[in-house]
Amino acid sequence: MELQKKVIWITGASSGIGEALVYECAKEGAQLIISARREDELKRVATNCSKGIHSDKIDSKNILVLPLDLEHTETIEEKVNQVVQKFGRIDVLVNNSGMGHRTKAVNTPTSVDRKVMEVNFFGTINLTKAVARVMQKQQSGKLVVISSIMGKYGMPLYSTYAASKHALYGYFESLRQELFKDNVKVLIVSPGFINTDVSTKLLKEDGTAYGIKSDAQEKGMSATDCAKGILKAIKSNRNHKYVGKYEIFSVYVKQYFPKLFYKLMRKMTKD
C-alpha cells in the first residue's frame, strides 16, 4: 500500500506516537486529518508539516486540523462528514487516542474506570464504525487500532487500561472478519514501552495526573522508531504487529513460562 495522496486520519495526533506518525505520513506525501482534544497542539503539529520540517512533502491545504474528544461520541458523525466533504474519501484511520490510570483495582473509582473505557473503547469503536461505513461504500480502506502489549495480559496498577486494550482486541478481530468482503482491512498494533510522556498523564485515584515519567518508558523505543514500525505494518498486509524493544517478548514468556511471568508481575506491584 503506497501512502502518497492517501487520505489518512490520525487520532491522538497532538503528541507522542500520534505526532510522530503524522510526520512519517507527511514524508510519504499523504493527505492528513489530525485529531486530538488540544487544538493548539494540533496546529503546532500541522505547522511543522506545512511550513516547517516536512514542508517539502505536504501542502497546508492537504492537512485538516480536526479537534475531537472521544469521550463525547455525539460529535463523531459530524466530524466524519467534515472529512468526507473536504477529501471525498478516507483511506486509513489510525485509532491512536487513549488514556490510562495508575491505581490499584479495588481502589479505582468507578468514575475513572468509566472514563478510561469511554475513551479507549467506546470512543474508538464509535469513530471506527462511522469511518467503516465510508470505507464500505468505497470498497476499500484500512482501519488501524493502537492497542498495547497489555492487550495480551494484565499488569498490576493498570487493570482498567489493560481491560480496555483486551476489549479492543476482541472487537477488531471480529470486525476484520465482517469487513473482509468489503475489501476493508484491519490492523492491530501492540506497542511496548515507548519513550513518550504518556505515563505522566495517567490518572490517579483522585482523578488527577500521575505526573511522573516511568523508568520503563524513559528507556523505551523512541516515538519516531515506533511510528516507522507502524507505518511499515500499514503498508503491508499484516493483521497484527508488535512494536517495541525487549518487553514485547513478555507476551511469549506468559505463553510458555506462565509461573515465571506471574512472579515477575507480582514484583512490579509497589505499595
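Below, the figures for the structure above:
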quantity	calculated
Trypsin sites (Lys or Arg not before Pro) restricted to DSSP loop in segment 131-228 with at most 13 other C-beta within 10 Å	K219
Whole-percent pair-distance distribution, where bins are 5 Å wide, for the alpha carbons of segment 1-102	3, 14, 26, 26, 19, 8, 3, 1, 0
Segment 7-267: C-alpha pair distances exceeding 21 Å, %	59
Overall dimensions of segment 181-271 as given by Cα atoms, namely Rg and Dmax in Å	16.2, 50
Mean residue ellipticity (222 nm) of the chain, computed from DSSP H runs ≥ 4 via -39,500 (n - 2.57), nearest 500	-13000 deg cm²/dmol
Shape category assigned to segment 109-169 from the gyration tensor of Cα positions, a/c cut at 1.5	oblate
Choice from G16, G151, G88 showing the highest fluctuation, given a GNM over the chain with Cα pairs closer than 10 Å	G88
For segment 104-227, the fraction of alpha-carbon pairs in successive 10 Å shells from zero, as %	12, 37, 33, 15, 3
Whole-number percent relative contact order across the chain, with pairs defined as alpha carbons under 8 Å at least 6 apart	18
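Coordinate-derived values only; no laboratory data. Not measured: the values here are computed from a predicted model. Note that we place each Cβ from the backbone using ideal geometry, even for glycine, and neighbour counts take in every protein chain shown.
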